[in-house]
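Worksheet for the structure shown next.
Each value in this text was obtained by applying a stated rule to the coordinates, not by laboratory testing. All values reported here derive from a predicted model rather than from experimental measurement. Cβ placement follows ideal geometry from the backbone for every residue including glycine, while neighbour counts extend to all protein chains displayed.
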Amino acid sequence: MDSRQKYFADNLALLVREVTAVDVRDSGSRERNHVESRGLFYYVARKVTKMTTSAIGEYLDQSHATVLYSTDKFPTWMKYNKDLGKSYKQIMDTIVPAVSTVVVDVDLAGGKVEFFRGGFRL
């Protein structure tokens, strides 16, 4: 995982914690809300970035197979858990509009990170 991916993963983990009240980095729990919060993290990371399942799993000390399984099942989880769907929408509404308005860009370890009102983009 390069520094840009780690930066995105750190910020996404903070955003997921803010929205779901579950810290995905500290949670190895099998409780439903923890599993679904990690699934939310995996799904958004795969949808928004080019991070591999291995890189995403490495960030949370999980295998790539766990990431694949969760990203495959996540749409079904949203279908039956409306709160999870609202959390996903809230996170995407925070991240996706960030692509439209540049505030400043910074060169970070040879990569470019652009910061936007309401978010950032790698």
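So here's what we get for this one:
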{"read-out": "Members of the range 55-68 found to be surrounded by 15 or more Cβ atoms within 10 Å (Cβ to Cβ) and out of contact with any Ser or Thr (no Cβ under 6 Å at 6 or more places or on another chain), listed by number", "value": "A55, I56, E58, Y59, L60, Q62, T66"}
{"read-out": "From R38, R32, residue being surrounded by fewer than 19 Cβ atoms within 10 Å (Cβ to Cβ), within 17 Å of Y88 (Cβ to Cβ) and not aromatic (F, W, Y)", "value": "R32"}
{"read-out": "All positions within the range 1-26 that are surrounded by fewer than 19 Cβ atoms within 10 Å (Cβ to Cβ) and in contact with a Phe, Trp or Tyr (Cβ under 7 Å, 6 or more places away or on another chain)", "value": "M1, N11"}
